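Notes to accompany the following structure.
The values are calculated or read from the model by the stated rules, or taken from the named source; none is laboratory data. These numbers come from a predicted model, not from an experiment. Here the Cβ positions follow ideal geometry from the backbone for every residue, glycine too, while neighbour counts run over all protein chains shown.
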């Protein structure tokens, strides 16, 4: 079955990535609005300040011989400086190669050599890892920049000192590389893939024009900026439309909840496990998240039940999106999930995207509702006479009779096990003969789950608590385990939870 996007023939501007992102940065309506802010400190430049800093840093790079053809690896956390370094390198005519800040030194060295990086930009706390990687790369990297004033590295701030504007570099957007991204494979390590300016611009314009974000939004993503979906699926489109991006350096769920609350985030782009956290985790009730107007799930399948639970709890729609590094960002975004009752679908495709589901063995198109491998056809962005190509996504999926795509996971991978229920996990303990869970009132969190267990041999309640919470997702953890003589049940076998709570002194 073949599914077509909303517009079969979109027209993308023939400009560079920097021009597409910062073309309206001086607009009076947005020039003083924050562009990228640090989630913890709140610091960050306005749109006009970021554009000016990008130009100054690009001029500095050009003065130091970093220009067309030079691959510059960016080994940085999600901070405002990431956006500055990314676009300064591109504006200088060089090719940025973002790498996740969490990669170990050996993997960083492999990626530096694979991409042909000659320059590396890093962060103070990552400097030791960066230096190890440079040494292991065997002289491939000729220069190491670091934000701050650190030994054995050139201060990135030196590039800004003289000011100036970005150099005038002749670029053919249809053919000149704009970005090297890391892409996943069905097996094996990540590999670099080169994206032209035309491909990157097409990817960010698709999202910027989709209605997911607007100029008044404050957006946050838990996807790393170093990944194409975080970079060109949110960061670049948000800067293009004049929104504010909250850079989230923390990895914990409380870091996420605090950032959503403190910055009054309106659109959050999150992986499925964090959407499930928002749907079920009892800690969520302790935060004020009423500013959210949309949650977008991407990075894997999200069940319809979890999507509906999150939407109900937060009072805003939950949508699914899908994309690939090779596609320079998102290809699908289901903006009508609630209206159509398709919370577990990524939708029909963004303008210009065509999808098909094929039999992995024969390559034949699969009929509606029959799973196969998802393949995408992208527009030949900006290349006269070029033929659009079909791109195997490596993901299993099916399409319904209306062309809506449902992603199931990686091709050949076993389907994920459904989340375990705490009472079932506890009942499976060798020393437990029966178990149940009941929600008890809590002054701070509303209702919190407590577990009750009937033992066949003595076991400390603390050990039982550690056991059950170690076998369920974070959002299904219980607050305590209470040892009881029996689990009261009615005539039909239904657990009498109020009696359980009363036995532990927890009834309201």
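Structure values in brief
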{"read-out": "Residue count for segment 336-366, restricted to those that are surrounded by fewer than 17 Cβ atoms within 10 Å (Cβ to Cβ), modelled with pLDDT of 90 or more and under 22 Å from residue 207 (Cα atoms)", "value": "0"}
{"read-out": "Criterion: more than 15 Å from the chain's Cα centre (by Cα) and either in a helix (DSSP H, G or I) or under 21 Å from residue 474 (Cβ atoms) (or both) - qualifying residue of 275, 265", "value": "265"}
{"read-out": "Residues of segment 187-225 classified as closer than 22 Å to residue 102 by Cβ, more than 18 Å from the chain's Cα centre (by Cα), assigned to a loop (DSSP other than H, G, I, E, B) and touching a residue at least 60 places away in the same chain (Cβ under 8 Å), total", "value": "1"}
{"read-out": "Breaking point among (1) surrounded by 24 or more Cβ atoms within 10 Å (Cβ to Cβ); (2) at pLDDT 95 or above; (3) over 30 Å from residue 178 (Cα atoms), for residue 292", "value": "(1)"}
{"read-out": "Residues of segment 422-448 satisfying the condition of being touching a helix residue (DSSP H, G or I) at 6+ places or on another chain (Cβ under 7 Å) and either assigned to a loop (DSSP other than H, G, I, E, B) or at pLDDT below 90 (or both)", "value": "429, 440, 444, 445, 446, 448"}
{"read-out": "Output for segment 289-318, where each listed residue is in contact with a strand residue (DSSP E or B) (Cβ under 6 Å, 6 or more places away or on another chain), touching a residue at least 60 places away in the same chain (Cβ under 8 Å) and closer than 21 Å to residue 265 by Cα", "value": "294, 296, 298"}
{"read-out": "Counted residues, segment 320-341 - those being assigned to a loop (DSSP other than H, G, I, E, B) and touching a strand residue (DSSP E or B) at 6+ places or on another chain (Cβ under 8 Å)", "value": "7"}
{"read-out": "Some residue of segment 72-85 being surrounded by fewer than 22 Cβ atoms within 10 Å (Cβ to Cβ), touching a residue at least 40 places away in the same chain (Cβ under 8 Å) and assigned to a helix (DSSP H, G or I)", "value": "yes"}
{"read-out": "Count of residues meeting criterion [over 20 Å from the mean Cα position of the chain (by Cα) and over 30 Å from residue 96 (Cα atoms)] in segment 309-361", "value": "17"}
